[in-house]
Protein chains: 2
Amino acid sequence: MQDNKRRIVIVGGVAAGMKAASRLRRLDPELEITVLERGRRVSYGACALPYYIEGLFEELDEVMQTPAGVLRDAEFFRKVKGFEVRPGTEALAVDRAAKRVRIRDLASGTESVLPYDALVLATGNRPILPPLPGIDLAGVHPLKSPEDAEQLMELAQQARHAVIVGGGLIGLEMAEALRKRGIAVTLLEMKDQVLASALDFGMAALVHRELRKNGVDLRLSEALQRIEGEAGKVTRVITAAGSYPADLVVMAIGVRPEVSLAREAGLEIGPTGAIAVNERLQTSDPAIFAAGDCAESTDLLSGKKVYVPLGSTANKHGRVVADNLCGREERFPGILGSLSVKVFDLNVARSGLSEEDARLLGRDPVTVLASAPDRAHIYPGAKPVIIKLVAERASRRLLGAQVLGSGAVDKRIDTLVAALTLGASVDQLATMDLAYAPPFASAMDPLIQAANVLRNKLDGIAASLDPLEVQQLRQQNRDALLLDVRSPAEHAEIRIPGATLIPLGALRARLAELPRDRQIIPFCKLSLRGYEAQLILQAAGFEKVRFMEGGILAWPFELETGPIREPATPEGAIEQVA
Amino acid sequence: MQDNKRRIVIVGGVAAGMKAASRLRRLDPELEITVLERGRRVSYGACALPYYIEGLFEELDEVMQTPAGVLRDAEFFRKVKGFEVRPGTEALAVDRAAKRVRIRDLASGTESVLPYDALVLATGNRPILPPLPGIDLAGVHPLKSPEDAEQLMELAQQARHAVIVGGGLIGLEMAEALRKRGIAVTLLEMKDQVLASALDFGMAALVHRELRKNGVDLRLSEALQRIEGEAGKVTRVITAAGSYPADLVVMAIGVRPEVSLAREAGLEIGPTGAIAVNERLQTSDPAIFAAGDCAESTDLLSGKKVYVPLGSTANKHGRVVADNLCGREERFPGILGSLSVKVFDLNVARSGLSEEDARLLGRDPVTVLASAPDRAHIYPGAKPVIIKLVAERASRRLLGAQVLGSGAVDKRIDTLVAALTLGASVDQLATMDLAYAPPFASAMDPLIQAANVLRNKLDGIAASLDPLEVQQLRQQNRDALLLDVRSPAEHAEIRIPGATLIPLGALRARLAELPRDRQIIPFCKLSLRGYEAQLILQAAGFEKVRFMEGGILAWPFELETGPIREPATPEGAIEQVA
C-alpha cells in the first residue's frame, strides 16, 4: 500500500520546508511526506532569536511554539499535521537518476537511502565566517539556530565587552539586544554605512546616530583583521584602525545560501550563488524544487536575480512549491527587497530600489525626503516618520522607499509595497484614500505629504536639497546660508550649527538681512515652513534658494542643544551685532 | 494696481478652503486671495474635537495649531501664508453673472460686495438635527465646531447621564470620550448596527460587544422620538422602546452638505445632495469650484456618486482646486470610503465595498474573515487583528476590506487601500513582499494569511462559514455541531456555549466520537486549527464539515468564561458521562 503513494522528500525543516509540507498535507491527504532536518529543532522562528537574547521572552522553546502555545516538534507534526519530520537527519547526496536521497542519522551515524517522486530543497543559508585568524576561538559566534542563541545567551550573561562584526539586520538587532543587557558594544562595519544594500547613505546616517545615542561604539569603514584570545577564548578584535576588547564576538557579516547538496547533485546555481529556479520554483531538474533561503528570487523592479533570504519569502515559497507539486500552477512573481528592523527607538523599513540602485540601473531617479508626525500631531503618542521616496523622472513611477523614525514606519512601507508591486505613480500615491482618524494618521498622511512634495519637485515648483546634499554643498561652498525659519524657542532647544534664525512669520519683514548673492537653504522642523520660506524668498526676487527636505528631524549630522553659543571670534561677534 | 490682480474668493475657512488658499498662494504670489469664514475660528481640526472632550489635550486652541505649536488665526495666515482670512464673515449670495459675492460682517451686521474672478465653495457640512420635540432644549448638542466642543465640554463637566443619538463616527468617539469622563452613556442607533454604511453586520457586532464591555448602554433599532426637559433643560430621551435619563444629549445622526449658497446661486446639486463637480472639482459654473464636505465624490469601485465628508478628502480637494485655478490640469479620481475609528480598545478600519455593497451592485462577492496577531506572536505587545476581505468571484479582484482588533488595523487597511486603488487581485495581495520583522509583523502577515484563506475558498479547497453564518445556521439547524479544537486550557478560559471540545492533536484518534450525519463546524482561536480539523475530517470521510473563519476571536456573540458549567438536564449529564 505504501508503494502506491507519491513520495515527497523535503530537505530542511525550518520555514520553507515546513510550510511546503503542511500545505502539501492539506492539499493531498494521500501523499507520503518526509521532512529531513539536520538540526535538533524544527520549525523555529530564527528571526526572533535576537529578542530572546535581549530577554523579551523567557524560554527559547517559545520560538518553536504556535500562536496557541503548542510546541512544534516532530510529534506535533505527526499528530496534528499528519506528516513525518526527522530532526537530526542529514541529507548527504541526491541521486537524481534513481530519484533517491542518501541520508544519515546524526545520532547513530547510520546511513540509509530514501526514494522520492519529488524532492524539495529547503536547505536554508549559512552564516559567512571568513577564514581569519581567531575565528574559531571560544566566544566567537554567528546567530542562526536556536543552538547558537543558547550559546550566545550563556556568553552574554558573563560578557562585559562585545564586538559585533557586520551592520546588517542581525548585527543591528544584536547590538540592541546586548546593550539592553548592559554590555559594552562595538559594532564593526567594513562599509561606510550600516544596511548598505538597503538604505541610501543619508538614511543610514540616521541609524548611525541612533546607535551612537544608545552607547554603541560604531566603527564604520573598518574591516575585521583578526581575533585574538587567551587559553582558547576570545579577548580582543583587531582591525586596521584599532583593537577592541571582547569577551563575546557576534559574527554577522551576512549569510550565503546553503547549496552544497544542490551543487553536488549538478543542479544549476544562479548568478547570485543561490539555486536557480523558475517562477514555479522548479530547479533545473523538474522533479526538484527549491524554496526559502537556498533559492534565488527575481527583483520585481529591476527584473534581476537577487538573493534576499527572509522568513516572509520562505513561507510564500513553501506554499508555491506545494501547490505546484499538487498540480496547481502557482507562480512566485518575485520580491521588492522589503525589510524592516527596529534599532533601539528608531524603526527602519525599506522596499524597492534605493536611489543608488535606481541610478546604477539607469532609471533617472528623483527623490524626496519628508518628515511628518505618524498621526494627528495633537493626538497623544504621535511620533515622527521620515520618508524617502524614489521615483523615475519620466514615468513618475515609484521605484522605492525608505521610511525611518520612532513612529509607525511599518505601516507606511507596507502601503508603499502595495503601490510598488502594482506599479503606482507618485500621483496615484498622492490621491489614495488612506484611512484617516486622529489616533492613526493625519488628515494628509505622511505618505501623501511626501508624494505631494515629490510632485512639486517633478513639476518644478519646489526646489530643494536633501540633508546629505546640503552637507555636501556646505563643504564645497562655505558661503551657503542655512536659514532656520522655526521659532526662537525651537531654535533654542536644538539647532544645526551655523544656521541663521529668522522665524517664518518675520521673514517677509526681514528680507533685507539676507544676502541676495549667496545660496540660501531655508529649513524648519519638518519641511513645510522651509518650503514656504523658499517661495517667499523667490517671490521677493532671491534666485538661489532651495529648502532642505525633511527638516531638522531628518538631519543626520551634528546638532547643537542647550544655550546658544556666542561666536568665538571677534569678527563673528561683530557680525552678530550687525 | 489691485485691479490687475486675479481675485480668488473662497467661502469656508476650515480644511478644503484653507488648503486651497495656501496652495494658491504657493503657486502664484500675484493672486489676490480672500477666505470668508462664518465662524470665529479658522483652519481647525474638527476630527480632534472628541479627543478634547475626552481630555487628551488641555486647550481647545490646540486643534488650531500647526505641528510646531503656532496658532492658525487670521494674523498667522496674513503674515506667514500671505493671504487674507475674514472670520465672522458670512457669504449671503452669489451673483454669478456679475461674479460677485454679497457678504455680511456678522459682528457689525454690515453688508458689502466682493468681486471674484474665480470662486471656491468650501462651505462644509451641517449636522442633521431632526425637527423633533425637545431638540432645542439646553443640553442637546451636535459636535461640529470648536464652539460646540466648548459647550459640550462645559456640559460634560456636570453631566451624569448622557444619551448619544447615532452610532456613526462621532457617536462612537463621543461614547468613548464621555465614558472616560465617568459619565453613564446610552447610545441610540436607529438601525440594527453601528457604522451601518461602513461595516457588515458581523463586523459591527464586534463593535457592539466592545461598547457594551466598556459600559455603554447600546440601544440598537431604537429611533429617537422626542426629548423632554424641565425649565428648558433636557432631562430625558424617549424612544418607542424606552425612556432614558439625560442631562446631556449629543446629536450625532449624521451630517448633510451645506449647499444653500450653491443651490440659491443655481449651481447643480448632485444625486447625493452635495454640489455636483467634475474631476477637476468644477461646478456647473466653470468659474466656481467646490471642495471638501460640500462637494460630492465618485466611488472608485462602483463608479457611483457618493457623499463621504472627511478631512482627508477635503485636504486633497483643496490642492486639486488650487492647481486647476492656476492652469494645472489636476484631477481628483475619487474615493474608496476609507475610514478608521478607535472605539475604546478596538481599532476599526474599512475601505472599498462592504459585502452588502458588493451584493447590491451585483458583483458576486466572496468573503473571508481571518484573525491573526499583528506582529510575531512571541514579540511583546502583539495584539490581534481580524480581517474581512471582499473579492469578486470571477475576476478574483479585491473589492473591499474591514479590519478590526486591538492590533494595528490601520496598517493593514492602508495597504489594502493601495491594493484597491490599483485594482489588485487576491492573488497579488497574497504574494506581496510586505516588510517583515518580529516587532512589526509575522512572517506571513495577517493580510497574506487572509488572502491565502480567501484563495483557498475561491479554489474550492477550504469550506468555511463566517461567525454570522455559523450563528444563522445554528438557529436554523439545532443539530449543527460546533467543534472546538483548541486545547483544554484555552477552552476552560473562554468558549462558545454549547461547543464540543476535541483538541486538534487528539482529533485523528477520536473521530468515532463525532456524528457523520450532522453538520460539523470546527473552530479554534484564530482559524488555522479549525481549517486543519476540516481537512482531517474530510479526509476521514466526513462530508458535512465547514470550519468557522476567524476563530473565537472573531465570534461576536455570547461567550462563556470561567469554570465549565455542568449540563443542567439529566440527559445532558448522561451524554457528558458517555
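Values in this text are rule-based calculations from the coordinates and carry no lab data. Since we're looking at a predicted model, the values are computed, not measured. We place every Cβ from the backbone using ideal geometry, glycine too, and count neighbours over all the protein chains shown.
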One would report the antiparallel percent of DSSP beta bridges in region A:464-577, rounded to the nearest 5, as 20 percent
If one compares the long axis through the Cα atoms of helix B:169-180 with the longest principal axis of the Cα atoms of chain B, the angle in degrees, nearest 10, works out at 80 degrees
Under Stokes-Einstein, region A:402-520 at 37 °C and 0.692 mPa s, with its Kirkwood radius over C-alpha pairs, diffuses with a coefficient in µm²/s of 189 µm²/s
Rg/Rh over Cα atoms for region A:140-253, Kirkwood Rh, comes to 0.95
Mean projected area, convex hull of alpha-carbon positions in region A:218-263, reported to one decimal in nm², is 4.9 nm²
For region B:101-200, the Cα convex hull volume per residue in Å³ comes to 166 Å³
Taking the square root of 5λ for each eigenvalue of the C-alpha gyration tensor of region B:464-577, the equivalent ellipsoid has semi-axes, largest first and in whole angstrom, of 19, 17, 15
With +1 at each Lys and Arg Cβ and -1 at each Asp and Glu Cβ, the charge dipole magnitude of region B:428-515 around its Cα centre, to the nearest 20 debye, comes out at 240 debye
Once B:GLU560 and B:ASP479 are pulled to full extension, the length gained, defined as 0.36 nm per residue separation minus their Cα-Cα distance, is 27.1 nm
Here P(r) for region B:1-75, Cα-Cα distances in 10 Å bins, as whole percents, is 18, 42, 27, 10, 3, 0
At q = 0.22, 0.24, 0.29, 0.30 Å⁻¹, the log10 of I(q)/I(0) for region A:432-476 from a Debye sum over equal Cα scatterers comes to -0.80, -0.84, -0.96, -0.98
Partner lysines whose C-alpha sits under 19 Å from that of A:LYS99, ignoring same-chain residues fewer than 8 away, are A:LYS5
Of the convex hull enclosing the alpha-carbon atoms of region A:361-464, the direction-averaged projected area in nm² is 6.5 nm²
A correct Karplus calculation of ³J(HN,Hα) over region B:30-46, with 6.51 cos²θ - 1.76 cosθ + 1.60, θ = phi - 60°, whole Hz and x for Gly and Pro, returns 8, 5, 9, 10, 10, 10, 9, 9, 5, x, 6, 10, 10, 6, 9, x, 4
Residues A:GLU549, B:GLU228 in order from fewest to most other beta-carbon atoms within 10 Å are B:GLU228, A:GLU549
For region B:144-159, in residue order, the Karplus 3J(HN,Hα) values (coefficients 6.51, -1.76, 1.60; θ = phi - 60°; whole Hz; Gly and Pro = x) are 10, 10, x, 5, 4, 4, 4, 5, 5, 5, 5, 4, 5, 5, 9, 5
Two pseudo-spin positions, 7 Å from Cα along C-beta at A:ASP192 and at B:ARG102, lie apart in nanometres by 7.0 nm
Everything considered on the Cα gyration tensor (a ≥ b ≥ c; rounded for a/c under 1.5, else prolate if a/b is larger than b/c, else oblate), the protein assembly as shown must be described as oblate
By Cβ neighbour count within 10 Å, fewest first, A:THR110, A:THR415, B:THR34, A:THR283 rank A:THR110, B:THR34, A:THR283, A:THR415
The lysines whose Cα lies under 27 Å from the Cα of B:LYS213, excluding any fewer than 8 residues away in the same chain, are B:LYS180, B:LYS191, B:LYS342, B:LYS383, B:LYS388, B:LYS411, B:LYS525
Within 10 Å of the Cβ of an average residue in A:422-432, the count of other chain Cβ atoms is 5
The orientation-averaged projected area of the Cα convex hull of region B:293-374, in nm², is 7.7 nm²
Shortest first and in nm, the label-point separations between A:THR235 and its counterparts in the other identical copies (7 Å out along Cα→Cβ) come to 9.1
Scoring chain B by relative contact order with C-alpha pairs under 8 Å, at least six apart, yields a percentage of 10 percent
Longest principal axis of chain B (C-alpha) makes with the long axis of helix B:201-213 (C-alpha) an angle, in degrees to the nearest 10, of 90 degrees
Computed over chain B: longest principal axis from alpha-carbon atoms vs helix B:409-421 long axis, angle to nearest 10 degrees, is 70 degrees
For A:ASP95, inter-copy label-point distances (7 Å, Cα→Cβ), nm, shortest first, read 10.1
Per its Cα gyration tensor (rounded if a/c is under 1.5, else prolate when a/b beats b/c, else oblate), chain B is best filed as prolate
Quick calc of log₁₀ I(q)/I(0), region A:316-424, Debye, one scatterer on every Cα, no solvent, q values 0.14, 0.24 1/Å, result -0.66, -1.21
Expressed as a whole-number percentage, the relative contact order of region B:239-397 with C-alpha contacts under 8 angstrom and at least six residues apart is 13 percent
One computes Rg over Rh for region B:68-137 from alpha-carbon atoms, with the Kirkwood Rh, and obtains 1.09
Taking the label point 7 Å from Cα along the Cα-Cβ vector, the copy-to-copy distances for A:ARG516, listed from shortest in nm with one decimal, are 9.7
With a ≥ b ≥ c from the Cα gyration tensor eigenvalues, square-rooted, and the rule rounded for a/c under 1.5, otherwise prolate when a/b > b/c and oblate otherwise, region B:186-289 is oblate
Fewest-first ordering of B:SER302, A:SER340, A:SER43 by Cβ atoms within 10 Å yields B:SER302, A:SER340, A:SER43
For A:PHE57 and B:VAL113, extending 7 Å from Cα along the Cα-Cβ vector and measuring point to point gives, in nm, a value of 7.5 nm
Per residue, the convex hull enclosing the alpha carbons of region A:38-77 has a volume in Å³ of 77 Å³
